[in-house]
Every structure is written in C-alpha cells, then in structure tokens.
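Bear in mind that the values in this text are calculations on the coordinates, not laboratory data. Note that the structure is a prediction, hence the values are computed from the model and not measured. Cβ: placed from backbone, ideal geometry, glycine included. Neighbour counts: every protein chain shown.
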Ligand SMILES: Nc1ncnc2c1ncn2[C@@H]1O[C@H](COP(=O)(O)OP(=O)(O)OP(=O)(O)O)[C@@H](O)[C@H]1O
Ligand SMILES: [Mg+2]
C-alpha cells in the first residue's frame, strides 16, 4: 500500500511572502512588524518549519521573553497550524527536554527546533543555531537580542538568521531604533497579507470584518499599534524614553548602604506624594516605594515617615515642593531638614528624559513597582494606580541632584 501523502497548502502575501522570497529574505536580522492578526507568527513559524524540512541537520530555535508565554502562543500555532501534518506522520516528534538539553521538535532528517524562554536562557543559549525565531520581540531587551545573534553560527545552511515578529511599541524602543539604523530589516505586515482576513480581490472576509471591528474599537496607542501597526508613544507619556521592558524591574533587596533620596510633593485635595529612591554605585536611581495619598495632614504624613525611618536608612536628602508652611511643618515633626526642589519644569523633564534615555545603554533611572502605603485614616482616599509619566515626581528629585557641586564626578553619571 503506497504511503499516504499529506499536503500542507499555504498562501503568503506582502510581508509574509517577502520573508520567504523577497530581496531581504536572507538578511541576518528580519522583523515582521505590524498590527494584531496579520499573520506574522504563522509566516515566521512556517519558514522555520520548511527550512528544517528541506535542510537535514538544521538547528532552529523558537524563543520568547518567557518560556511559559510560548506554550500558549507560538507552540500552539506551530503544532496546530504549521507542522500538524508532519507531526501526524511522525516526521516531527516532540522532545520534552532534559537537564542538559532544551525541549525541541525533532525531525526525521536530523533537524531540530529547540524551544525556550530568555527567562531560563541557559539551556537554549549553550547551543548553536542556523535560524532563531523570536516571538513578540518588543518584550526582549537588546541584550537578549544580541545574545541570540551570537548563537547563530551552526553553519548548516547558507545563511544564518534571526527572524522575529512583533506588534509596535514606543518609537524610542530599541528594536525600532535598530530598524531605523538599518541593523534589523523591517517588513511591515498588514491585515491584507492574511488570507484569513482578506480575499484575493482585496475585500475583507467575514472573519476579517469581525476581527477588524474589534481592533477598530481599541483606543489611544493600542488602536495605533494593534490596528494600524504604528510605533507610537503611550498616552500622556511625558518621558519619551520610558520603556517598561527596560525601566520596570522585579523587586530586590536594596543594600542598606545605597544612598536614599526622598522627593515630596505636598497635597491634600490633590495627592501628597513621597517617592523614595535608592542610588546604586553606578549612579542609577531606583524608585522603590511611594506614598500617594489625599486628605491627610502633613503632621500625619510625618508620623508615617518617622515609622519608615525606623526601618530604612535615613535619606541623604529630602527634596520638597516649595510650600513653605508644609515644609516647615514636616521638618518640625520629622526632625530632619528638607531642601526646596529646583522646579524648572522643562529642566526637570529634560533631566529625567536624558536619564531615562541613558538607561537604554547602561545607566538607567530604573523604576520598579512602587510599594504603595495606603492611608489608614478613615475617609482618606485609598490608592490609585501610579503612572510614571507624570505622577510620582522624578523631576523633583533629578532637578535637585543636578545642583550638586560642579566637578563632582557623580553629577555627570546621573
Ligand atoms: N497565510 C496564512 N494563511 C492562512 N491562515 C493564516 C495565514 N496567516 C495567518 N493565518 C491565520 O491568521 C491567524 C492570525 O495569524 P498570526 O497569529 O500569525 O497573526 P500575528 O500577526 O502573529 O498576530 P499577533 O500580532 O496578534 O501576534 C492565525 O489563526 C493563523 O492561522
Ligand atoms: Mg503573533
């Protein structure tokens, strides 16, 4: 009885097609960038699969920021929409991984496609590959990206490539900057590329109409990014260079010897804000806690802050808003002198902006989720979600830091 042939039929258009046979299809770094549901992941995974099928012994990689996020995204698409026939016929089998080896799809021709997350990078990064597919590349840091490119040296096929897909993010995101600099080839993916969304004659399919209606209902930067594929800044974002992938990190135990700074914005009807920063030996600032509270008297805040002083190092400086009476009350109840902030708005914005931008390379004003202290007094407003782009006031702090005596090396490292 002759072997049954299973046929996998796909049609590619636009950016997806260009990733296969366009002039840049073999570039070292290729990114499919675009709105949601245009077929980026499907195309990239299909390319990887086909290359493994036709190049015996090829080594591929499927990677995302976290391994867990892969299991419900790329691996489902791969298993159910890209390699289902090959898996059904046993040409491709799944290897769950071992202490030494990353989990992988194994091909009967000796090719393998390893799978993993940058959160547990050791096993995937201790190996060499011909092609690496990065899903939702904006989640990665540039460090992650470049670490992956260093693995592309298996040399089994005529070109080595990192192929990635992503939805857009802020225009200052490192990935966008890399594209602008020509180091990564951007292929702009659009809904018309996806046969599931648009017919050959350019009219939307029924599924396309329904899905686009969902995207049309989005608002703000989400509409621009996920409906139109535009790299736009977040709503109300003041600090252009702010990037959660860089500036929002997991909490850690801050060494007691790191200098602390408090910045205080007085308020009663508007929230009183006390942001507490720590500075590491490289001059990076960490916002590690914040009080954000309305309807509370300064002397009550002072007693809360006194409690904090019992368990945290005394701050090197308390930089305050200019309300003389509130400052005097705070100083009297806290027993520590305070400084008036330099409040040139644009100076402050530039100071923070410069620091945040600087953060993209080495030195960063790294922010982690502020630990919130809620008012214990009845009637006091309970906490609201802090948004770093306005509330919580790095400006107050950084403006002040810059005033440190000229010639002190630390100033420029800020
Ligand atoms: N060329 C194609 N032919 C048939 N179906 C396709 C094609 N491209 C994509 N699809 C289908 O369209 C759906 C969306 O595709 P995919 O997940 O690749 O989009 P995406 O651009 O990666 O979306 P997101 O930005 O949300 O990650 C999937 O169900 C996929 O199977
Ligand atoms: Mg995708």
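Counting other beta carbons within 10 Å of each Cβ, put 119, 200, 280, 169 in order, fewest first.
Starting with the residue having the fewest Cβ neighbours, the order is 200, 119, 280, 169.
Each peptide in 130-137, 82-89 was scored by the mean count of other Cβ atoms within 10 Å over its residues; highest first, the order is 130-137, 82-89.
Using a Förster distance of 25 Å, how high is the FRET efficiency between residue 316 and residue 248, based on the Cβ-Cβ distance and rounded to 0.05? Mind showing how you got there, number by number?
Working: r = 25 Å, r/R0 = 0.99.
The computed FRET efficiency comes out at 0.50.
Please give the FRET efficiency for residue 200 paired with residue 128, using the beta carbon to beta carbon distance and R0 = 51 Å, rounded to the nearest 0.05. E between residue 200 and residue 128, to the nearest 0.05, is 0.80.
By the count of other C-beta atoms within 10 Å, a proxy for reagent exposure, 49, 247 are ordered fewest to most as 247, 49.
Provide the FRET efficiency to the nearest 0.05 for the residue 303-residue 258 pair, computing r from the beta carbons and using R0 = 22 Å.
E between residue 303 and residue 258, to the nearest 0.05, is 0.30.
For 277, 211, 286, the sequence from fewest to most other C-beta atoms within 10 Å is 211, 286, 277.
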